[in-house]
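Accompanying notes for the structure given below.
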Amino acid sequence: MILKLAWRNLWRNRKRTVITSASVVFAVLLAIFLNSLKEGILVKMQENVVSFYSGAIQLHQDGYWDDQTINNTFEAAENLVDKMIAHENVISVVPRLESFALTASTDNSRGSLIISIDPEKERLITKIDQKIVVGDFIQKDDQAALITLGLANYLALDVGDTIVIIGQGYHGVSAAGKYPVKGIIDFASPQLNKSIVYLPLKEGQWLFGATDRLSALVLQVDNINDSEETAADLEQLAGAKYEVMNWSILLPELDQFIEGERAENVIFLFVLYLLISFGIFGTILMMTMERKFEFGVLVAIGMKKLKLSSVVVLENIFVSLMGAFVGTLVSIPLIAYFNAYPIKVTGELKEAYENYGFDPVFYFSIEPKIFYSQTLVVLIIALVLSIYPMLKINRLDAVEAMRD
Amino acid sequence: MLAVLAWKNIWRNKVRSGIVIASVALGLWAGSFIMAYVFGMMDQRLKDAIETEISHMQLHHPDYQEDNDPKFTISNSSQTMKSLADHPSVHTGAGRVLVLGMINSPTASVGAKLIGIDPEKENQLTKLEDFITEGEYLNAGDRNKIVIGEKLAKKLKIKLRSKVVLTFQDTNKDIVAGAFRVKGIYKSHNSALEGLNVYTQGKDLSKLLGDGSDYHEIAILLKEAKQLEDLQKELQLTYSDLTIESWKELSPELSMMIETMDQSMIIFLIVILVALSFGIINTMLMAVLERVREIGMLMAIGMNQIRLFGMISLETIFMVMIAAPFGLLLSYATIEYLGKYGLDLSSIYAEGYAQYGFKSMIYPELAFEYYIRIMGLVLVTAILSSIYPAITALRLNPVTAIRKI
């Protein structure tokens, strides 16, 4: 009975119903928009930085991260890689062998990080081939090196010149080799630009006397938000001989930055919710005032106040649900649009992003969680606000109400 | 006449007007608060980075940043230092002797950046002493003492008063070594630096390097941040043989972050204004619908459409004008209060902060001109959003309107 009454009331005054639910629609829309933008920027930054430096997850020989020497490398068994790639969140597994050595030209020398890579696979995650400013990318079977711009300048090397690498290899064998420079890479970060040399994996393993040995398997994941769980799964799979680390351990500064940013965004959301609440409250308040006469009549002819309140609350539930539903529905194409055509950033920021090899845009996240969580929050706000007409009805004086 | 009517209309239904006035005031508050919050946040981050790490500007030998060879010193360091300290725009400055080398404990050896400082001046510049968690900070009389980061100490497996050996190449490219004792251990916001930077007396390092007492780096803090660019140009002219870089060049990541916040704030302001205008449109629409009978009556007795439109618009404008001072006062009060006592985020978002214990206090701040700008934006938004409800009122048919309850 009450349900029917509430439903009919809604359609008695369509305009009012539409306006009230429209306020919920807009509220849902804005909350989703803002959250999607905020998460989009952060997750994209996370992906950018992670793919730039470390990859989402790395697998090492147990103890490697604390003591990064070439003696802590491992021979990757065939089935280890298969096990990793079999996980649903893992897209690709990229091998690396990293070690420090002295790099030199005729006049100068500098300690550098020598990263031996599988060129084809590496290219797919770090897009390192796109950062080449002179020369070409290395191939799998090349006996040649890629060096960073800062190192090239310091050693006064150009493409075609020879770089000498001297260091210590696996279990103390001496590692010495000379390679023609095939390409020069420019990283935006001055730190990275200073001293990195890339070699093809096989060549690097030969140089350091570490045939088939790797210092890390770098895993690229499908959804970076789940990488922590994925890392935990893989740690189980890999066994005690290995350590599997999520990017938040590999790059604590980034994790710290992103968590801080999330915390600071909480205030933005509070302010938006406040504004939204007020918008919805405005319409609910007007509705209550407008129907004072009607409520007065109903109470006068004997309707229990409690019943009347439940009718009004039910109406509000209907209206809010409709609004939330429509709002979510409308937000999907809107966010999908911005996801496909992200907002372009301008000015200095555009330059900075481009220098780092990031797309100069603000992304929108289409994480499903955003849609339902924001809809839920707005729904709760709307329902809490419908306490107001309840209170008003409770204090209603029928005679006075009808006098208006 | 119309104005008087509109003014009286506002006070006829105080609750309805109250809602519109309050939502405009709230919109104003939200806009200015968010701006103040973002400015406060950026300021805090910049301050953290500049006042404890990078400083406003750093001077180096032109080849030093590229090469890090200890022979690239700033010639006439003490002279330069002195004239910089006397410059009216400079708040404080300190010179550093820098060497990249190895630090060796009995169990491990790790690459490190050895920083030779003048303890007193360095503390004025980067407040290093505040970051000491164990032991003590260096003082002028110390010989062969070092202060190292917690992270590095863990890697080397050493404690307070442990003995370590620093090895590096001197200016003649010969390997030199010196024994040092750990006097203090510090913790930094920046864990990368915590694992790398080792502080010691500048004199001790210079002696080992064997090349006078010139600095490799002079870092300065300005009295006012806005003098940055002018001073950089000026110094570049005076010291044409040195490279002078501001924090923007020294830390491109930092300026990227600031710019990101800046641009996302603009989008946020737009969202706030849209939220505000929907609030106003909805409330005013309800108000117009509620007054259907009254408006129908006015039309029936001959009020023309232009006047009716004018009346409703004027009502909105008046309400907005009433709201503006309240909103501004509220914003000003909130911002000033929080600007003084700070907004503690750790109580709102414990998870993120508990993990890392970095600074969670934010002090919002807003310059006067931004209040004016926000007010302008909010007023325009409010007035624009009153147009649609007013048009709805015009579309009413007097006869059916009067008939309606």
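Numbers for the structure displayed
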| quantity | calculated |
| --- | --- |
| Lone qualifier among A:VAL81, A:VAL18 - being more than 30 Å from A:TYR356 (Cα to Cα) and out of contact with any Leu (no Cβ under 9 Å at 6 or more places or on another chain) | A:VAL18 |
| Flag for B:ALA30 being facing chain A (nearest Cβ under 9 Å), modelled with pLDDT of 85 or more and out of contact with any helix residue (DSSP H, G or I) (no Cβ under 6 Å at 6 or more places or on another chain) | no |
| Residue satisfying condition, being without any contact (Cβ under 8 Å) to a residue 60 or more places away in the chain, farther than 30 Å from A:GLU253 by Cα and either in a helix (DSSP H, G or I) or within 14 Å of chain A (Cβ to nearest Cβ) (or both), within set B:GLU229, B:GLU234, B:GLU253, B:GLU259 | B:GLU234 |
| Single residue of segment B:184-213 satisfying the filter (among the polar types (S, T, N, Q) and under 14 Å from B:ILE117 (Cβ atoms)) that is surrounded by the most Cβ atoms within 10 Å (Cβ to Cβ) | B:THR200 |
| Top-ranked residue of segment B:46-61 - restricted to ones that are more than 19 Å from B:LYS121 (Cβ to Cβ) and crowded, with 20+ Cβ neighbours inside 10 Å, ranked as nearest to the other protein chains (Cβ to nearest Cβ) | B:ALA49 |
| Contacts under 6 angstrom Cβ, first residue in segment A:256-272 being within 8 Å of chain B (Cβ to nearest Cβ), partner outside any helix (DSSP H, G or I) and buried (at least 18 other Cβ atoms within 10 Å of the Cβ), 6 or more apart | A:ALA263/B:TYR349; A:VAL266/B:TYR349 |
| Test result for B:ASN68, under 21 Å from B:SER206 (Cβ atoms), buried (at least 16 other Cβ atoms within 10 Å of the Cβ) and without any contact (Cβ under 8 Å) to a residue 24 or more places away in the chain | no |
| Boolean, A:PHE338 is within 14 Å of chain B (Cβ to nearest Cβ), aromatic (Phe, Trp, Tyr) and at negative phi | yes |
| From B:LEU269, B:LEU308, residue being within 14 Å of chain A (Cβ to nearest Cβ), touching a residue at least 24 places away in the same chain (Cβ under 8 Å) and assigned to a helix (DSSP H, G or I) | B:LEU269 |
| Verdict on A:TYR170 being crowded, with 16+ Cβ neighbours inside 10 Å, free of Cβ contacts under 8 Å to residues at least 60 places away in the same chain and of a type in the set (Ser, Thr, Tyr) | no |
| Filter pass, B:LEU114 being crowded, with 18+ Cβ neighbours inside 10 Å, modelled with pLDDT of 90 or more and assigned to a helix (DSSP H, G or I) | no |
| Yes/no for A:PHE26 being within 11 Å of another protein chain (Cβ to nearest Cβ), modelled with pLDDT of 85 or more and under 30 Å from B:GLY195 (Cβ atoms) | no |
| Yes/no for A:GLY347 being open to solvent by less than 70 Å² (accessible area, probe 1.4 Å) and touching a residue at least 60 places away in the same chain (Cβ under 8 Å) | no |
| Residue list for segment A:41-87, filter: touching a Gly at 6+ places or on another chain (Cβ under 9 Å) and either polar (S, T, N, Q) or closer than 30 Å to A:VAL345 by Cβ (or both) | A:ASN48, A:PHE52, A:ASN71, A:ASN72 |
| Residue among B:GLY302, B:GLY339, B:GLY296 that is farther than 20 Å from B:LEU379 by Cβ and open to solvent by 40 Å² or more (accessible area, probe 1.4 Å) | B:GLY302 |
| Output for segment B:268-284, where each listed residue is open to solvent by 20 Å² or more (accessible area, probe 1.4 Å) and touching a Phe, Trp or Tyr at 6+ places or on another chain (Cβ under 9 Å) | B:VAL274, B:PHE278, B:ILE281 |
| Where A:PHE358 falls short, out of the listed (1) within 14 Å of chain B (Cβ to nearest Cβ); (2) part of a helix (DSSP H, G or I) | (2) |
| Among residues of segment B:387-405, those that are assigned to a loop (DSSP other than H, G, I, E, B) and modelled with pLDDT of 80 or more, counted | 1 |
| Per-region count, segment A:57-88, residues of a type in the set (A, V, I, L, M), touching a residue at least 24 places away in the same chain (Cβ under 8 Å) and closer than 12 Å to A:LEU217 by Cβ | 6 |
| Qualifying positions in segment B:254-268 - among the hydroxyl-bearing types (Ser, Thr, Tyr) and within 16 Å of A:GLU351 (Cβ to Cβ) | B:SER255, B:THR260 |
| Count - residues of segment A:241-255 that are open to solvent by less than 30 Å² (accessible area, probe 1.4 Å) and either within 7 Å of chain B (Cβ to nearest Cβ) or of a type in the set (Ser, Thr, Tyr) (or both) | 2 |
| Single unsatisfied condition, A:GLY302 versus (1) of a type outside the set (Phe, Trp, Tyr); (2) within 14 Å of chain B (Cβ to nearest Cβ); (3) not in a helix (DSSP H, G or I) | (2) |
| Number of positions in segment A:151-195 that are assigned to a helix (DSSP H, G or I) and under 29 Å from A:ASN72 (Cα atoms) | 9 |
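Listed here are the residues, each with its yes/no results for (1) buried (at least 16 other Cβ atoms within 10 Å of the Cβ); (2) more than 19 Å from the chain's Cα centre (by Cα); (3) not in a helix (DSSP H, G or I).
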| site | (1), (2), (3) |
| --- | --- |
| A:THR328 | yes, yes, no |
| A:PRO333 | no, yes, no |
| A:TYR337 | no, no, no |
| A:PHE364 | yes, no, yes |
| A:LEU376 | no, yes, no |
| A:LEU379 | yes, yes, no |
| A:ILE393 | yes, yes, no |
| A:LEU396 | yes, yes, yes |
| A:ALA401 | yes, yes, no |
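This table checks each residue for (1) open to solvent by less than 30 Å² (accessible area, probe 1.4 Å); (2) more than 10 Å from every other protein chain (Cβ to nearest Cβ); (3) in contact with a Ser or Thr (Cβ under 7 Å, 6 or more places away or on another chain); (4) closer than 29 Å to B:LEU285 by Cα.
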| site | (1), (2), (3), (4) |
| --- | --- |
| A:GLU235 | no, yes, no, no |
| A:PHE278 | no, no, yes, yes |
| A:PHE295 | yes, yes, no, yes |
| A:LEU314 | no, yes, no, yes |
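The values are calculated or read from the model by the stated rules, or taken from the named source; none is laboratory data. Computed from a prediction, not measured in an experiment: that's the story for all the values here. We place every Cβ from the backbone using ideal geometry, glycine too, and count neighbours over all the protein chains shown. These accessible areas exclude ligands, DNA and RNA; they are computed on the full protein's heavy atoms, side chains included. Shrake-Rupley method; radii C 1.70, N 1.55, O 1.52, S 1.80 Å.
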